[in-house]
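What follows is a short report on a single structure.
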Amino acid sequence: GAVVSQHPSWVICKSGTSVKIECRSLDFQATTMFWYRQFPKQSLMLMATSNEGSKATYEQGVEKDKFLINHASLTLSTLTVTSAHPEDSSFYICSARNTAGRMYNEQFFGPGTRLTVL
Amino acid sequence: AQKITQTQPGMFVQEKEAVTLDCTYDTSDPSYGLFWYKQPSSGEMIFLIYQGSYDQQNATEGRYSLNFQKARKSANLVISASQLGDSAMYFCAMRESLSGAGSYQLTFGKGTKLSVIP
């Protein structure tokens, strides 16, 4: 099956610093990637949809200037949390859409990145 | 109104017994897909099973089956012969607008924590 990686798997940073999270589709091309945030014991909440070569589409309530998304190639999307604060501490998960896949297996999730802001 | 409702925050099942996890959904779109994912404590989202709105038969994948009742808008997950490794969070998700130029987004329910008792 298709594999999606995320790097780093976990990161601890000081308040005010910026953190970049990478999402890569390893064996397929993904024109669309999704970024989710999951707080402890809660569901996945979609933050933004990342389209290769164009601006990301952000969900209501998500600050585009704080969560910068870049999808510069068909296999890589990055999420940068700028000026991170403790309330940004969360589990960030990306998924990538395999356009060559069938509906039931077209979206693949990365293993997630756990961000802790001190 | 919530698009995906999982009414069971937590469930317990004896090892080797079957368990049903409930999921109801709300959509006016005639074309949609329903997914179930497993999320162990490590955080990765593991795809389990998929049901399309036009599928005539209930989906099955090994020990997983989906009890799809379209008129009632329910898509319950049945796990047969529970194993200790089945202990995890389980999320029901929906994608709407399958036939159109949809955004391919998944909307998740709040999840059910399943605990398998030896």
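The values are calculated or read from the model by the stated rules, or taken from the named source; none is laboratory data. Since the model is a prediction, treat every value here as computed from it, not as a measurement. Here the Cβ is made from the backbone with ideal geometry for all residues, glycine too, and neighbour counts use every protein chain on show. Remember, those area values only see protein heavy atoms, side chains included, never the ligands or the DNA or RNA. Shrake-Rupley method; radii C 1.70, N 1.55, O 1.52, S 1.80 Å.
Can you confirm whether B:LYS38 is in a loop (DSSP other than H, G, I, E, B) and basic (Lys, Arg)? Against the criterion (in a loop (DSSP other than H, G, I, E, B) and basic (Lys, Arg)), B:LYS38 does not qualify. Within segment B:75-87, work out how many residues are open to solvent by 10 Å² or more (accessible area, probe 1.4 Å) and part of a strand (DSSP E or B). So the answer is 2. Can you work out which of the residues in segment A:73-118 that are of a type in the set (A, V, I, L, M) and farther than 21 Å from A:VAL11 by Cβ is surrounded by the fewest Cβ atoms within 10 Å (Cβ to Cβ)? Selected residue: A:ALA100.
When you scan segment A:78-86, do you find a residue that is within 13 Å of another protein chain (Cβ to nearest Cβ), in contact (Cβ under 8 Å) with a residue 40 or more places away in the chain and within 28 Å of B:LEU48 (Cα to Cα), even just one? For segment A:78-86, residues within 13 Å of another protein chain (Cβ to nearest Cβ), in contact (Cβ under 8 Å) with a residue 40 or more places away in the chain and within 28 Å of B:LEU48 (Cα to Cα): absent. Of the strands (runs of 3 or more DSSP E) lying entirely inside segment A:6-118, those carrying at least 1 residues that are at negative phi and among the hydroxyl-bearing types (Ser, Thr, Tyr) are A:19-25, A:32-38, A:45-51, A:67-73, A:76-81, A:90-97, A:113-117.
Within the bounds of segment A:19-31, is there any residue that is within 14 Å of chain B (Cβ to nearest Cβ) and at pLDDT below 95? Scanning segment A:19-31, I find at least one residue that is within 14 Å of chain B (Cβ to nearest Cβ) and at pLDDT below 95, so the answer is yes. Restricting segment A:1-30 to residues that are out of contact with any Cys (no Cβ under 9 Å at 6 or more places or on another chain) and β-branched (Val, Ile, Thr) leaves a set whose member that is surrounded by the most Cβ atoms within 10 Å (Cβ to Cβ) is A:VAL11. When we screen B:SER74, B:SER41 for residues that are more than 10 Å from every other protein chain (Cβ to nearest Cβ) and at pLDDT 95 or above, the only hit is B:SER74. Of the residues that make up segment A:52-73, is at least one in contact (Cβ under 8 Å) with a residue 24 or more places away in the chain and of a type in the set (S, T, N, Q)? Checked against the condition, which is being in contact (Cβ under 8 Å) with a residue 24 or more places away in the chain and of a type in the set (S, T, N, Q), segment A:52-73 yields no hits at all. Within segment B:44-70, the residues that satisfy the criterion of being within 14 Å of chain A (Cβ to nearest Cβ), over 30 Å from A:ARG114 (Cα atoms) and not aliphatic (A, V, I, L, M) are B:GLN51, B:GLY52, B:SER53, B:TYR54, B:ASP55, B:GLN57, B:ASN58, B:THR60, B:GLU61, B:PHE68. Of the residues making up segment B:9-23, those that are open to solvent by 10 Å² or more (accessible area, probe 1.4 Å) and either in contact with a Gly (Cβ under 9 Å, 6 or more places away or on another chain) or among the aromatic types (Phe, Trp, Tyr) (or both) are B:PRO9, B:PHE12.
I'd like to check something: does segment B:101-114 contain any residue that is away from chain A (no Cβ under 13 Å) and buried (at least 20 other Cβ atoms within 10 Å of the Cβ)? Yes; the residues of segment B:101-114 include at least one that is away from chain A (no Cβ under 13 Å) and buried (at least 20 other Cβ atoms within 10 Å of the Cβ).
Every condition in (1) over 29 Å from B:ILE49 (Cβ atoms); (2) surrounded by fewer than 15 Cβ atoms within 10 Å (Cβ to Cβ) holds for A:PRO40 except the one numbered (1). Those residues that are part of a loop (DSSP other than H, G, I, E, B) and either at pLDDT below 95 or within 11 Å of chain A (Cβ to nearest Cβ) (or both), I need them from segment B:1-25; list them, please. Passing the criteria: B:ALA1, B:GLN2, B:LYS3, B:GLN6, B:PRO9.
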